[in-house]
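For reference, the structure discussed in these notes is given below.
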Amino acid sequence: MHRLKSNKILVVLGIALVLLIGTVAVFYVKLKKLESGQNSSVNTQAEIGNVIEKVGRHILLPKGEVPTIATITNLEDLKGQPFFANAQIGYKVLIYTQAKKVMLYDPNKDILVEVAPLNISSQ
């Protein structure tokens, strides 16, 4: 009876150890993805320059202004907005506030999907 109880304890401890190792592994992988920028919507200066260069091959870009660039990571928040009707995860949004232009760019197909005037209301 005593041996059966100690075996159960060992099994429970073994399962807890496996779960702990699995959890640590998952967090480690997520941390490495964040460090390498794979899971980030923040664009580095090099990425911004690369996107501007590629988009500039398709359209004349406003001079003297560096756009704010965002990467689409969630389509749910964009539903019902006509500008984003054809958007996909990974598309880039270039926002030129001074020139009042916004562009939707597909980096995989290297095409501009949408270009529109930027309407900023002060309400």
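The mean sequence distance of close C-alpha pairs (under 8 Å, at least 6 residues apart), as a share of the length of region 68-107, puts its relative contact order at 40 percent. For ILE72, the shell of other residues with beta-carbons less than 15 Å away shows a net charge of -2, using +1 for Lys and Arg and -1 for Asp and Glu. Derived scalar couplings between HN and Hα for region 55-63 equal 5, x, 6, 10, 7, 6, 8, x, 7 Hz in order, rounded to whole Hz, by the Karplus curve 6.51 cos²θ - 1.76 cosθ + 1.60 (θ = phi - 60°), x for Gly and Pro.
This ranking places VAL51, VAL115 by how few other beta-carbon atoms lie within 10 Å of each, fewest first, which gives VAL115, VAL51. A crude spin-label estimate for the pair VAL18 and TYR96, with each label 7 Å from Cα along the Cβ direction, gives 5.9 nm. Put in line by how crowded their Cβ is, counting other Cβ atoms within 10 Å and starting with the fewest, THR71, THR44, THR97 read THR44, THR97, THR71. For region 45-117, the Cβ-based charge dipole about the Cα centre amounts to some 220 debye (Lys, Arg positive; Asp, Glu negative; other atoms uncharged). Proximity of backbone amide H atoms, modeled 1.01 Å from N, is registered between VAL113 and LEU104, TYR105, ASP106 at under 5 Å, excluding neighbours fewer than 5 places apart on the same chain.
The H on the amide N of LYS101, modeled in the peptide plane, is under 5 Å from the matching H of TYR96, LEU118, each at least 5 residues off or on a different chain.
Quick note: the coordinates plus some simple rules give every number you see, no bench work behind them. This is a predicted model, so every value here is computed, not measured. Note that we place each Cβ from the backbone using ideal geometry, even for glycine, and neighbour counts take in every protein chain shown.
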